[in-house]
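Q: Have a look at this one before I ask anything.
The values are calculated or read from the model by the stated rules, or taken from the named source; none is laboratory data. These numbers come from a predicted model, not from an experiment. Cβ: placed from backbone, ideal geometry, glycine included. Neighbour counts: every protein chain shown.
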Amino acid sequence: MHLKEMIVYFVVMNILILIILVCKREKYEKQYYNYDIDHRHVKKWKERLLKYPEMDLSCHETRKGDKLQILNASLIRENSIFFIETSCMGYLSSRLACSVESAARANKDRQVFVLFSSSVSAATLNSTSILRTLQRSYKNLKFVRVLIKDLVKNTPIHSFVHKLNKFQLDKRTPRILKFLLLYKFGGIYLSFDVIVAKRFDLCDTWFVKDTPQTYSVDMFAFSRSKVGKKLAEAALRLLVEPLVSLEENWSYDTTSIISQIVVLNTFGINATSCKELGFEVYEPDKFYPLNFYERDAYFWVGEQKVMKKKDVYTYHTYYRFTKHRILTSMSFYGKIAQLYCPVTFKYYNKNFGS
């Protein structure tokens, strides 16, 4: 037998062996594994999973057990500060309360609102709760309930919000509310990641870079000036743009919106100041003294050189990524908490951060 014939014979035999093995495997699987039963099981499981969000009443709409006053436009003064609790917890943890107190403490000339998008029970509002304790200490602090479908009336995104099903509404409420509030009332939005170290003596409309190249969605301001209102309306319209509102882009839409607003309103313009533009963009150093990759330093014990930095407006604590970290009074986080949210720190004492 020639070499070429031997190679062909070898290849053919290997193919035949492979076919036999595959056939035997299929026969074995059909004998011992019922595909029909499994298919029906998976189909039912998927149906239950997909129906669940539709059956569950969104926490952002129900008023069951709610004891908070509903947000009213008459309550709000210009240049207020807004925090928004959209997780449906119905209360504030120690770290969240610390952020709120720090803003109220540093900006006593501004109203500070904490808006809950879900019901808050009577127990959460009892006289010894952290919410009431903070209100007794800071007269500029208010806790109110916000209903997104009431707030969105007479705005450019009214029909968009009302077309969302409950699952979509739950996913998008946090992103919509931050822009919607500032569109209607103007002011400053802060996330619960932010601990405020000093009064905001900034441009009335401002944005912050969280890195030298990117913009923060955890703190920004729109004033009620002509420029502020124009930018706030642009943000709302971008929020419902078909590409931005796709489900796969939900995680990025707010970052994209801030970036587009800044770029579109500074492109080709040789100006950077508040007086020239009507808004200002601030560098990270005074708002993010510890960047994302340095976040572990908040939990270190020992000398913290960053505390020696002057004129820091905020500390961003990256709550989503650090909420399960152990926090002690001797850590950097513990020290800034004692400085900027003393009432909260004393209230929780050794349980602060747990």
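Q: Looking at the stretch 150-184, which of its residues are in contact with an Asp or Glu (Cβ under 7 Å, 6 or more places away or on another chain) and either within 24 Å of Lys229 (Cα to Cα) or acidic (Asp, Glu) (or both)?
A: Pro156, Arg175, Tyr183
Conditions tested, residue by residue: (1) of a type outside the set (Lys, Arg); (2) modelled with pLDDT under 90.
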site	(1), (2)
Leu68	yes, yes
Arg77	no, no
Ile81	yes, no
Tyr91	yes, yes
Leu96	yes, no
Ser99	yes, no
Ala106	yes, no
Val114	yes, no
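Q: Filter the stretch 205-216 for residues that are surrounded by fewer than 21 Cβ atoms within 10 Å (Cβ to Cβ) and touching a residue at least 40 places away in the same chain (Cβ under 8 Å); which is farthest from the chain's Cα centre (by Cα)?
A: Looking at the filtered set, the residue picked out is Pro212.
Q: If we scan the stretch 123-139, do we find a residue that is crowded, with 20+ Cβ neighbours inside 10 Å, touching a residue at least 12 places away in the same chain (Cβ under 8 Å) and under 27 Å from Lys229 (Cβ atoms)?
A: Within the stretch 123-139, none of the residues are crowded, with 20+ Cβ neighbours inside 10 Å, touching a residue at least 12 places away in the same chain (Cβ under 8 Å) and under 27 Å from Lys229 (Cβ atoms).
Q: If Ala97 meets every condition in (1) touching a residue at least 40 places away in the same chain (Cβ under 8 Å); (2) over 26 Å from Ser225 (Cα atoms); (3) surrounded by fewer than 23 Cβ atoms within 10 Å (Cβ to Cβ) apart from one, which number is that one?
A: Against the list (1) touching a residue at least 40 places away in the same chain (Cβ under 8 Å); (2) over 26 Å from Ser225 (Cα atoms); (3) surrounded by fewer than 23 Cβ atoms within 10 Å (Cβ to Cβ), Ala97 comes up short only on (3).
Q: Let me ask something additional. Let me confirm something: among Val114, Val120, which residue is in a loop (DSSP other than H, G, I, E, B), surrounded by 21 or more Cβ atoms within 10 Å (Cβ to Cβ), in contact (Cβ under 8 Å) with a residue 12 or more places away in the chain and of a type outside the set (Ser, Thr, Tyr)? Can you show your working first?
A: Details: Val114 fails: in a loop (DSSP other than H, G, I, E, B).
That would be Val120, the only listed residue that is in a loop (DSSP other than H, G, I, E, B), surrounded by 21 or more Cβ atoms within 10 Å (Cβ to Cβ), in contact (Cβ under 8 Å) with a residue 12 or more places away in the chain and of a type outside the set (Ser, Thr, Tyr).
Q: Right, another one. Considering only residues of the stretch 181-199 that are in a helix (DSSP H, G or I) and not aliphatic (A, V, I, L, M), which is surrounded by the fewest Cβ atoms within 10 Å (Cβ to Cβ)?
A: Lys184
Q: When the residues of the stretch 327-351 are narrowed to those that are closer than 22 Å to Ile130 by Cα and hydrophobic (A, V, I, L, M, F, W, C), which ends up modelled with the lowest pLDDT?
A: For the stretch 327-351, the residue satisfying everything is Leu327.
Q: Assigned to a helix (DSSP H, G or I) and either closer than 20 Å to Cys98 by Cβ or of a type outside the set (Gly, Ala, Ser) (or both), is that true of Thr155?
A: No; evaluated as a whole, the condition is false for this residue.
Q: Just checking, which of Leu164, Leu151, Leu141 is more than 20 Å from Glu78 (Cα to Cα) and among the aliphatic types (A, V, I, L, M)? Quick ask: steps written out before the conclusion?
A: Details: Leu151 fails: more than 20 Å from Glu78 (Cα to Cα); Leu141 fails: more than 20 Å from Glu78 (Cα to Cα).
One residue alone meets the criteria, Leu164.
Q: Would you mind stating whether Thr328 is in contact with a helix residue (DSSP H, G or I) (Cβ under 7 Å, 6 or more places away or on another chain), touching a residue at least 40 places away in the same chain (Cβ under 8 Å), more than 15 Å from Phe220 (Cβ to Cβ) and of a type outside the set (D, E, K, R)?
A: Here the answer is no, as Thr328 does not meet what is asked.
Q: Would you pick out the residues in the stretch 76-111 that are of a type in the set (Lys, Arg) and either within 19 Å of Thr344 (Cβ to Cβ) or in a helix (DSSP H, G or I) (or both)?
A: Selection gives Arg95, Arg105, Lys108, Arg110.
Q: How many residues are over 13 Å from the mean Cα position of the chain (by Cα) and part of a helix (DSSP H, G or I) when one looks only at the stretch 165-180?
A: Taking the stretch 165-180 first, the residues over 13 Å from the mean Cα position of the chain (by Cα) are 165-169, 180.
From what is left, the residues that are part of a helix (DSSP H, G or I) are 166-169, 180.
So the answer is 5.
Q: A further question on this structure: Just checking, which of Phe287, Phe279, Phe345, Phe321 is more than 30 Å from Asp204 (Cβ to Cβ) and surrounded by 15 or more Cβ atoms within 10 Å (Cβ to Cβ)?
A: Only one candidate passes the filter, namely Phe345.
Q: List the pairs whose first member sits in the stretch 144-158 and is under 24 Å from Leu134 (Cβ atoms), whose second member is among the hydroxyl-bearing types (Ser, Thr, Tyr) and buried (at least 17 other Cβ atoms within 10 Å of the Cβ), and whose Cβ atoms are under 7 Å apart, counting only residues at least 6 apart or on separate chains?
A: Val146/Ser117
Q: Tell me which of these His324 doesn't satisfy, since it passes every other one: (1) of a type outside the set (S, T, N, Q); (2) more than 21 Å from Leu134 (Cα to Cα); (3) part of a helix (DSSP H, G or I).
A: (3)
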